[in-house]
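Q: Pasting a structure below so you can have a look.
The values are calculated or read from the model by the stated rules, or taken from the named source; none is laboratory data. If you're wondering where the values come from, they're calculated on a predicted model, not measured in any experiment. Note that each Cβ is placed from the backbone with ideal geometry, even for glycine, and that neighbours are counted across all protein chains shown. Side chains are part of the model used for accessible areas, which takes the heavy atoms of the whole protein and leaves out ligands, DNA and RNA. Shrake-Rupley method; radii C 1.70, N 1.55, O 1.52, S 1.80 Å.
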Amino acid sequence: MAKASNGGPVIIKKYANRRLYNTETSSYITLEYLAQMTRDGREFKVVDAKSEEDITHNVLTQIIMEEETRGQTMLPVGFLRELISLYGDSMQAMVPQYLEASMEAFRTNQNQFRQAMQGAFAGGPFAELAKRNMDMMEAAAKAFKPKPGAAPAKPAAAPAAKKDDLAGLKEQMAELQAKLDKLGS
């Protein structure tokens with residue numbers, strides 16, 4: 001995460017009137033601004049202006065709640081129920097470390113996937129394959145488009161050929177049935 005210009009996290013003060021004050025920019029900010037700072041990797045610490053108590057956890061939870069109510073639901077109900085059930089459980093102390101490790105693994109996998117996809121289409125073997133596939137799709141599309149001014153193609157009438165194919169299939173079916181009958185006896 002990016003630090004403040006002085007090397008530490010940006011200090012955000014929360015006042016009794018629920019206003020948030022960014023000490024780095026000397027301006028009032030919103031929860032949406034803090035959400036964007038988080039997305040941008042900016043490290044910050046929210047403190048109660050009166051007591052100097054660190055309330056970063058509470059504010060981050062509030063941001064998640066607001067995101068969830070805006071239709072940006074990311075936390076499934078089952079997950080939330082499981083999380084709530086772990087409060088007071090003997091395993092509660094292990095959950096934060098587990099969740100942090102899981103998120104770190106997810107971030108690592110996500111970055112590796114992005115790099116692989118960028119590399120795949122940048123000039124590797126997949127790039128050539130994708131180009132060939134696009135060329136084949138374009139050629140197929142052109143083959144099915146009627147040429148300008150050309151009369152629509154008439155379906156070929158070949159009832160005799162169809163009858164011969166059908167007769168051949170019937171003959172093969174009869175042979176297979178005969179073999180099955182022999183095996184069954």
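Q: Name the pairs: first residue in the range 47-69 and over 15 Å from TYR33 (Cα atoms), second residue hydroxyl-bearing (Ser, Thr, Tyr) and assigned to a helix (DSSP H, G or I), Cβ to Cβ under 9 Å, at least 6 apart or on different chains?
A: VAL47/THR56
Q: Then there's this: Might you check whether a residue that is outside any loop (DSSP other than H, G, I, E, B), under 21 Å from GLU104 (Cα atoms) and open to solvent by less than 40 Å² (accessible area, probe 1.4 Å) occurs anywhere in the range 54-66?
A: Start the filter on the range 54-66 by keeping residues that are outside any loop (DSSP other than H, G, I, E, B), which leaves 54, 56-66.
Cutting the leftovers down to under 21 Å from GLU104 (Cα atoms) gives us 56-57, 60-61, 63-64.
Adding the requirement that they be open to solvent by less than 40 Å² (accessible area, probe 1.4 Å) leaves 56, 63.
So far as the range 54-66 goes, yes, one or more of its residues are outside any loop (DSSP other than H, G, I, E, B), under 21 Å from GLU104 (Cα atoms) and open to solvent by less than 40 Å² (accessible area, probe 1.4 Å).
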